[in-house]
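Below: the structure, in structure tokens.
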Amino acid sequence: MTTSAPAITAVAADDQRILRLIRDLDADLAARYPDEPCTGGAHIHPDIRFLLAEVNGRPVGCCAVQPFPAPDTAAELKRMYVAPEARGRGVAARLLIEAERTATALGHTAMRLETAIHQPEAIALYTRAGYLPIPNYPPYQHKSLSCCYAKPLPLPAAR
């Protein structure tokens, strides 16, 4: 793999490239948490917006922005994943920046996310990006392996 900057585009949730990456994410989570069923796709809202990262035309990562139910004005970062061969090259940071831009453009005032204790690389990414720990929110409030974070987003520029 070369060190080209990833191209990040919005894609449909049923895009085959996204579905492949999500299967890889689920396998990664199952290996890290063998006693916890992976339910990452169980809380997907129809208004979710997926982002795909590609390097030299090859899918290497994804994430999604999902609104919380009204009247909550925050968005949730979901399904963040970077393929092992692309890790350490800034792909996740670029996806996170684009997810925040997407959420801001949609009028969301904050981004929240859930990760888990056996994902130190994810926790490091989020804290470097300014996310702060918050109490676990539903459906993670009773999950001892979950850690939740939040970051306020800037108001969208006046049109």
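The values are calculated or read from the model by the stated rules, or taken from the named source; none is laboratory data. Just so it is clear, the model here is predicted, and its values are computed rather than measured. Here Cβ is always computed from backbone atoms with ideal geometry, including for glycine, and neighbour counts include all displayed protein chains. Areas reflect the complete protein model, heavy atoms only, side chains present, ligands, DNA and RNA absent. Shrake-Rupley method; radii C 1.70, N 1.55, O 1.52, S 1.80 Å.
Given the residues Leu106, Leu96, which is the only one that is under 18 Å from Val11 (Cα atoms) and at pLDDT below 95? On inspection, the qualifying residue turns out to be Leu106.
Exactly one residue out of Arg87, Arg112, Arg79 is within 20 Å of Ala12 (Cα to Cα) and not β-branched (Val, Ile, Thr): that is Arg79. Among the residues of the range 80-99 satisfying the criterion of being touching a strand residue (DSSP E or B) at 6+ places or on another chain (Cβ under 6 Å) and open to solvent by less than 30 Å² (accessible area, probe 1.4 Å), which is farthest from Pro69 (Cα to Cα)? Residue satisfying both the conditions and the ranking: Ala86.
Within the range 104-133, the set of residues being surrounded by 15 or more Cβ atoms within 10 Å (Cβ to Cβ), within 28 Å of Pro34 (Cβ to Cβ) and not aromatic (Phe, Trp, Tyr) comprises Arg112, Leu113, Glu114, Thr115, Ala116, Gln119, Ala122, Ile123, Leu125.
No other residue among Lys151, Lys143 is open to solvent by 40 Å² or more (accessible area, probe 1.4 Å) and in contact with a strand residue (DSSP E or B) (Cβ under 6 Å, 6 or more places away or on another chain) apart from Lys151.
To keep it simple, each residue is scored yes or no on (1) outside any strand (DSSP E or B); (2) under 16 Å from Ser4 (Cα atoms); (3) touching a residue at least 40 places away in the same chain (Cβ under 8 Å).
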{"residue": "Gly61", "(1), (2), (3)": "no, yes, yes"}
{"residue": "Leu77", "(1), (2), (3)": "no, no, no"}
{"residue": "Gly88", "(1), (2), (3)": "yes, yes, no"}
{"residue": "Thr104", "(1), (2), (3)": "yes, no, yes"}
{"residue": "Glu121", "(1), (2), (3)": "yes, no, no"}
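Taken over the range 123-159, the criterion of being under 17 Å from the mean Cα position of the chain (by Cα), closer than 27 Å to Ala83 by Cα and either in a strand (DSSP E or B) or of a type in the set (Lys, Arg) (or both) is satisfied by Arg128, Leu132, Pro133, Ser146, Cys147, Cys148, Tyr149, Ala150, Lys151.
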